[in-house]
1. Order 112-118, 146-152 from most to least packed using the mean count of other Cβ atoms within 10 Å.
2. Lys and Arg at +1, Asp and Glu at -1: add these up for the other residues within a Cβ distance under 15 Å of LEU199 and post the number.
3. Net charge around ASP208, counting only other residues with Cβ within less than 14 Å of its Cβ (Lys, Arg = +1; Asp, Glu = -1)?
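Laboratory data are not the source of any read-out in this text; all were calculated from the coordinates shown. Treat the numbers as computed from the prediction; the structure is a model and nothing was measured. Note: ideal-geometry Cβ built from the backbone for every residue, glycine included; neighbour counts use all protein chains shown.
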Amino acid sequence: MQGLTAYLSSPQTWCRYVLHLLDRQGGAADGTPYRELVLAYFIQRDPTADEFAEQLGRLAADPCRGIAEAAALLRAAWQRARGEGEATWPMDLAELLRTLGALLDEAGARVARVMVTTEGVQLQLIRDLGAGEQGPAGNWNVPLIGLQLESSARMAARRGRVPPADGAAAGGHEARLRIVGFQLDQSAHTYELAIAPHLIVAESESGDTQAFTAEQLAARLEAAFAARETDAAVSQPGQ
């Protein structure tokens, strides 16, 4: 839960959080040292939101390619958090659920009940036994701007990183909820989700219900990974 609020107050704290995520994520990285350099620069400068966007734009034109690419990536992520998004949802449902899933994974949640609206998320979760000081259960109320900023920070840390070859994270909430988000009707204003290891059920305010078994989600994830590998091979034919 701390991640949702720790960096909301300024670009400086957002940069600190992105740097924290870069340190935590595994897998090979492309351009991460330049990204860390740009983040450290803004942590030291502590700009306002307007200054941050303007200075990132200038750095995106830097003659050093690594600096320019890092600044452009961070600028896109920062703008994403403040974009208007879809007509109904301020952010895409697949990305909203993916971000929520990442937080559930980090919280050690095994089962969760989630109410998602165009304004925020209400969540009840049950962690695995042995969750330590956090206890076996928890309740969150998260404004949508929190999820937007969380998503933007994770985008800034994730881009250019290659997932582990064994796909160990594929069975987590993050990957599965992203797949679910792609299947949901973006015109609905409210969804209630019941999330368990073997089944995810989503119901809209109109009563339309969709159920996704673990086997169905695993098959869709496998197809998505295969398509991504094919696209990578096509874009880099000489490797």
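1. On the way: 112-118: 18.7, 146-152: 23.1.
Top to bottom by mean Cβ count within 10 Å: 146-152, 112-118.
2. On the way: positive: ARG110, ARG113, ARG176, ARG220; negative: GLU192, GLU203, GLU215.
Charge balance in the 15 Å sphere: +1.
3. My count for the surroundings of ASP208 gives -4.
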